[in-house]
Amino acid sequence: MMIPYPLLQVILVPIIVAFLSIFLGNLGKRLGWIAFATLTYTSLIMIKIGIDLWNGIGPYYEEYYWSTALFNIKFGFLADGLSLPVALIMNMICAACALYSIHYMEHRIEQLYGEERKGMYVVYFSIYLLFAVGLVGVALSTNLAQMYVFTELTLIPSYIMIDLFGYVDRHRIAMMYFIWNHIGAAMFLIGITLAYIGTGSFEVFALRNLIGNNFAIWVCFFILVGWLVKMAVFGFHVWLPWAHGEHPTSIAAIIATIVGLGNYVIVRLLYGELFSVFKIFSIPLLIIAIITMIYGGFLSIAQDDMKRLYACSTISQTAYSILGIATLTVMGVVGGIFYFLSHILGKCVLFSVAGIVLCQTGIRDMRKLGGLARKMPLTATLCILGSMVLSAFPPLSGFQGEWIMFVGVFKEAGSFMGLIVALVAIFATFLTVIYTFWPVIRVFFGPLPSELENVKEAPLTMTLPLFMLMFISFILGIYPESLVALITPVIKAMTP
């Protein structure tokens, strides 16, 4: 069955539904079901495209014109073995979080605005859909200016979310988040502007024409640093624990996705189009990744706030993918992308578990929790599974992603420097096991505080979508070829 303009539909349908949601305020929290149905529909479209790619049909490319009269401005979407898996998994995470949001935001809106403020559901779910559009748009874009617009579309809604629905000192933290991420976006904009000056085009594939041009190293520098700011690597990380920890938990998982999205952009733009220039930054990027992994790990271990711990762990986890990409080996890059996708699946579950605990108990401090497994067995199971993903326990996807990535790291380990990097990275994996399973023990096992005797399990609208994400992780863990077979040919084609 032919689907007309499938990639354009993936972008336009959520935008149209977001606009229509403005007129459906009387539905209140039931708007969450509309958001879920919308994102499920666009996910099904991308699954159909993925099946075609698997069968050798494609890649899919669509091109459209804004204006032909004066500036001949066009934009396009590309679904190949690299962009399609990234877009699909991010979109499925957004669909799962839309369903999860129904109960969570009912709790949060009642806390902040009272039971009768149905209009706040309109605000939440309409801009929520723009999140998915921004994420998928970045992955599918073939135009740098278009990619920048979609990047901003992930930033502005998330800023509004913190400001309207966040927790402690939300207005100040929202502004901190906005400023830091706009610094990163501004550097990205400088990079793509220099690319336009050097090539006369905003097309992604025109970047390769910069090779040999004096602009090339500066384009690479600004794009790389801009996204490293947004990825909160060491030195640029100060905003993330605050913003990530104080977001409404229903979208904190998506913020982790935004942070990790830089891995895809770096591979698509710099590794793929400016390889000979990007390799200059390989060693500094390896060092930054190692420092970030270790620092983020120790920072996570030091936390007592459940949400803040998972926020800090994002710093460390994102650096794993950077490490793989910085090896400049096919296996390292494939592993880096695989690990990014695995991480956002696991982190979505863990952040959502923190939100469930907060909803059901009103407590974030792990020192005041314990023994909840007997009251919330489904939530405890999800926390264990999410921790297994991040800690790379088989048969879930984290094991395969980390294995493939470390194969690439050890291929780079021919030099003494490379061997040291590989060994330190392995040490960081032990820190991951500590900071992911430490909350499991503290929150769900041990004695149950007397004030938590009446705690109940979360509704299925919160737990069931998370189990679906863990099922995806399980499939990728037992059959990694389903992802690797799509990504590897694209990365090989990019590698000189």
Next item on the list: For Glu203, enumerate residues with amide H under 5 Å from its amide H, sequence gap 5+ or separate chain, H modeled in the peptide plane.
Entry: Leu144
Next item on the list: Set Lys and Arg Cβ to +1 and Asp and Glu Cβ to -1, take the dipole of the chain about its Cα centre, and tell me which of Leu382, Phe77, Tyr159 lies farthest positive.
Entry: Leu382
Next item on the list: Please arrange Tyr159, Tyr5 by counting, for each residue, the other beta carbons lying within 10 Å of its beta carbon, fewest first.
Entry: Tyr5, Tyr159
Notebook entry, point to check: Per-residue HN-Hα couplings for region 457-471, Karplus 6.51 cos²θ - 1.76 cosθ + 1.60 at θ = phi - 60°, whole Hz, x for Gly and Pro?
Noted result: 5, 5, x, 5, 5, 8, 8, 4, x, 6, 5, 5, 5, 5, 5
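For the chain, what does -39500 (n - 2.57) per DSSP helix run (n ≥ 4), summed and divided by total residues, give at 222 nm, in deg cm²/dmol to the nearest 500?
-24500 deg cm²/dmol
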Next item on the list: Please compute the net charge surrounding His244, taking Lys and Arg as +1 and Asp and Glu as -1 over other residues with Cβ under 11 Å from its Cβ.
Entry: +2
Next item on the list: Starting from the exponent 0.38 and prefactor 2.2 Å, build the expected Rg for region 279-339 from its residue count and divide its actual Cα Rg by it.
Entry: 1.21
Check: So for the pair Ile426, Ile211, with labels modelled 7 Å out along Cα→Cβ, what separation do we get in nm?
Finding: 3.6
Item checked: ³J(HN,Hα) computed for each position of region 373-389 - Karplus, 6.51 cos²θ - 1.76 cosθ + 1.60, integer Hz, glycine/proline x -> 4, 6, 9, 10, x, 5, 5, 4, 4, 4, 5, 5, 5, x, 5, 5, 4
Notebook entry, point to check: Rg (Å, one decimal) plus Dmax (Å, integer) for the alpha carbons of region 1-80?
Noted result: 15.9, 46
Checklist line | Distance between region 328-358 and region 254-311 - C-alpha centres, whole angstrom | finding: 12
Next item on the list: Mind sorting Glu152, Glu203, Glu63, Glu246 by how few other Cβ atoms lie within 10 Å of their own Cβ, fewest first?
Entry: Glu63, Glu152, Glu203, Glu246
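Could you please report the charge total around Tyr435, scoring K, R as +1 and D, E as -1 over all other residues with beta-carbon less than 14 angstrom from its beta-carbon?
Values: positive: Lys307, Arg308, Lys347, Arg442; negative: Asp304, Asp305.
Around Tyr435, the surrounding residues sum to +2.
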Check: Around Gly446, which amide H atoms from residues at least 5 apart in sequence, or from another chain, sit under 5 Å from its own amide H, with H modelled in the peptide plane?
Finding: Gly371
Next item on the list: Report, in whole Å, the centroid distance computed from the Cα atoms of region 198-246 and region 134-190.
Entry: 14
Note to self: Considering the Cα positions of region 249-291, please state its Rg to one decimal place and its Dmax as a whole number of Å.
What the structure shows: 13.3, 41
Check: In what order do Lys492, Lys411 fall by count of nearby beta-carbon atoms within 10 Å, going from fewest to most?
Finding: Lys492, Lys411
Next item on the list: Any of Lys74/Lys347; Lys307/Lys456; Lys48/Lys118; Lys118/Lys375; Lys279/Lys307; Lys29/Lys375 with alpha carbons more than 29 Å apart? Name them for me.
Entry: Lys74/Lys347; Lys48/Lys118; Lys118/Lys375; Lys279/Lys307
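Each reported figure results from applying straightforward, stated rules to the coordinates on display, with no laboratory input. These figures come from a predicted structure and were not determined experimentally. As a convention, Cβ positions derive from the backbone with ideal geometry for all residues, glycine included, and neighbour counts pool all protein chains shown.
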